[in-house]
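Since the structure comes first, as structure tokens, the remarks are kept for the end.
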Amino acid sequence: MTTCSAPKFKIMQAFKQFIKFCMVGVLNTLIDFAIYYFLTRIAGIYFLLANFISVLAAMTFSFIFNKYWTFKNFDSGIKKQYLQFALVNLVYFLLNNSIIWLGVTILGLNDLWSKLLATVIGLAWSFGANKIWTFKA
């Protein structure tokens, strides 16, 4: 019974972290979309530049909540972790923008639907990279 309980605990812990990561992601996405919507629809900024600004703002929110709440990581090396988090998000951003561009220019989708699709695809990458690399135990 002891050999089975340790892996189960790790699986449950990872599942709880994933749920928290998703909850932060929902708030993060709301922030991202609100800023993006404001910048593209009200301020009239080009959609890819608006996406860069909105992702950067939401990324900072996400870093703070994922570090302290999702992964309960209180390491003092916050600058290094923020850089790692930023690198993970840079890959996410490149993936995100590529999918948005593809959706809008090649597939003829609405930019908001393309952005939603890009966000969903990036979720697995972001959680895995941050759990394994940025906030590793």
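Each value in this text was obtained by applying a stated rule to the coordinates, not by laboratory testing. Keep in mind that what you see is a predicted model, and the values were worked out from it rather than measured. Here the Cβ positions follow ideal geometry from the backbone for every residue, glycine too, while neighbour counts run over all protein chains shown.
Below is a table of values for the structure above.
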quantity: Cα long-axis angle, helix 2-37 against the chain (0 to 90 degrees, to the nearest 10); calculated: 20
quantity: Cα Rg, Dmax, the chain, angstrom units; calculated: 16.6, 61
quantity: Count of lysine pairs in the range 2-134 with Cα separation under 23 Å (8 or more residues apart, or interchain); calculated: 24
quantity: Extension gain (nm, one decimal) between M12 and K80, 0.36 nm per residue minus Cα-Cα; calculated: 21.7 nm
quantity: Cα-centred dipole magnitude for the range 2-134, charges only on beta-carbon of K, R (+1) and D, E (-1), debye, nearest 20; calculated: 520
quantity: C-alpha long axis of helix 78-101 to longest principal axis of the chain, angle in °; calculated: 40
quantity: Gain in span if fully extended, L94 to L56, counting 0.36 nm per residue against the direct Cα distance; calculated: 12.4 nm
quantity: Nitroxide proxy distance, nm - points 7 Å out along Cα→Cβ at V26 and L48; calculated: 3.3
quantity: FRET efficiency, 1/(1 + (r/R0)^6) with R0 22 Å, evaluated for I106 and R41 via beta carbons; calculated: 0.45
quantity: Gyration tensor (Cα) of the range 59-107, equivalent ellipsoid semi-axes in angstrom; calculated: 29, 11, 6
quantity: For the chain, with +1 on Lys and Arg beta carbons and -1 on Asp and Glu, the positive-most of A6, A57, Y68 along the dipole; calculated: A6
quantity: Angle in degrees between helix 111-129 and the longest Cα principal axis of the chain, rounded to the nearest 10; calculated: 20
